[in-house]
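Okay, structure first, notes after.
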Amino acid sequence: MGENSFKSFIRTTFGSDSPIPYIISGQVALFVLIYVFDLLFELKIIEIPLFALTIEKLSLPTSFQAFIQQPWSLVTYNFLYTGLFNIAFDCLWLYWLGIIFFNFLNKRQFLFIYIISGIISALIFLIFSNLAVFQKAQNPDLYTGSCTLAAVLAATATLVPKYELRLLLFGNVKLKTIAIIYFAIQFLFFILTNRPAAIAYFCSVLFGMGYIYALQSGMDWSKIFTKRKKGPVKMKVVVGRGAHPSQPHRYDLPNQDQIDQILDKISLSGYDSLNSHEKEVLFKASNNNKIDG
């Protein structure tokens, strides 16, 4: 029975269209691997300190010279963790945010926010780490997925700020409130430990917010990930009494106020309290990604 439940969980989790299970699996696998290296070194089974070597080679260095020698760190730093609490907290956050995010937006849009925010954060970290005012502090290398997580959280909280989460000791709390508190704590931590990383973190938050504001105005930056069809475009003639557009105009879709009102009603009385029209509005927003199908 337990084995069947486990197989069902794996099939459901990895059978979905969400890339989040794969991201979390990569982060956890790398975390376990580096500590296996550390254990083998401590037991004197291996003589090479692979734990320290792996962190050094996969972290984003503070100097351009070191970065040129390990350009893959532009991607790998985002998957590297050394603290159990940090990786557990970030993975849970990412999982919960994914559930909310994919109710309104799609995989392409998530990957755009996740990948581009990681690259932007890395480049900003490198630039500011090499400024004279920050070089005196001897800031550590960057290895964490906090910047990309911040971009996803900022995007989700900007899209549905009134969405509520039930916290154990505080009851229902709006996502916007949780995001502000989380950003403040994380930003303060980086200010005290790694100021170039703090600037990169702040820019990642701005990027996540900016993407949603652009999306709501009709510009979907994630379309750069869409493959363009090659060859001549064929004209299709439709014969009939009237032509129906294949996709609704973006102004025909429910606006932010409608979605917020429906989410407020769900948080107070549950999904079953919605009438048929409200369910249709929420379904349309989900399927058409609120603006862009």
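Computed from the coordinates by the stated procedures, all read-outs in this text should not be read as laboratory data. All values reported here derive from a predicted model rather than from experimental measurement. All Cβ positions, even for glycine, are placed from backbone atoms using ideal geometry, and neighbour counts span all protein chains on display.
Worth pointing out:
- Assuming charge only on the beta carbon of Lys and Arg (+1) and of Asp and Glu (-1), the dipole of region 108-218 about its Cα centre is about 200 debye to the nearest 20.
- Spacing of the two label points (7 Å from each Cα toward its C-beta) at Leu40 and Asp17, in nm: 4.0 nm
- Listed by Cβ neighbour count within 10 Å, with the fewest neighbours leading, Trp221, Trp72 appear as Trp72, Trp221.
- For region 16-223, the relative contact order is 22 percent, taking Cα pairs closer than 8 Å that sit 6 or more residues apart in sequence and dividing their mean separation by the residue count.
- Order of Val205, Val28, Val133 under a 10 Å beta carbon neighbour criterion, fewest first: Val133, Val28, Val205
- One chain, two ends: Ile191 and Val32. Fully extended at 0.36 nm per residue, the span grows by 54.4 nm beyond their Cα-Cα distance.
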